[in-house]
Amino acid sequence: MMEEPLAPRAFRGWALSEAASEDLDLYAIEDLHERIDLLQTEIVRTKAALDKKRNGRAAADAFFSTGTTRDGSAAGV
């Protein structure tokens, strides 16, 4: 029995790259407004994911902090 070849794995951000290169001349005015709304929603979602990652990083940094700054001096002095 032969196995079917695996489909190529999509790279990160491929949908955005595809959307950015789409011909907008084919869209009606209302379609363009809808597209803008969808893109703005995605921006909000992306910023929320970024904030979540930053907060997680800050919490990890605080947890693993040794009480000294990067230059070796005592923190808060």
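Throughout, read-outs are computed from the coordinates displayed, never taken from laboratory work. Predicted, not measured: the structure shown is a model, and the values here were computed from it.
General remarks:
- Percent of Cα pairs exceeding the 11 Å cut-off, where the set is segment 1-45: 77 percent
- For segment 43-48, 3J(HN,Hα) computed residue by residue from phi via the Karplus equation (6.51, -1.76, 1.60; θ = phi - 60°) reads 4, 4, 5, 5, 5, 5 Hz, glycine and proline entered as x.
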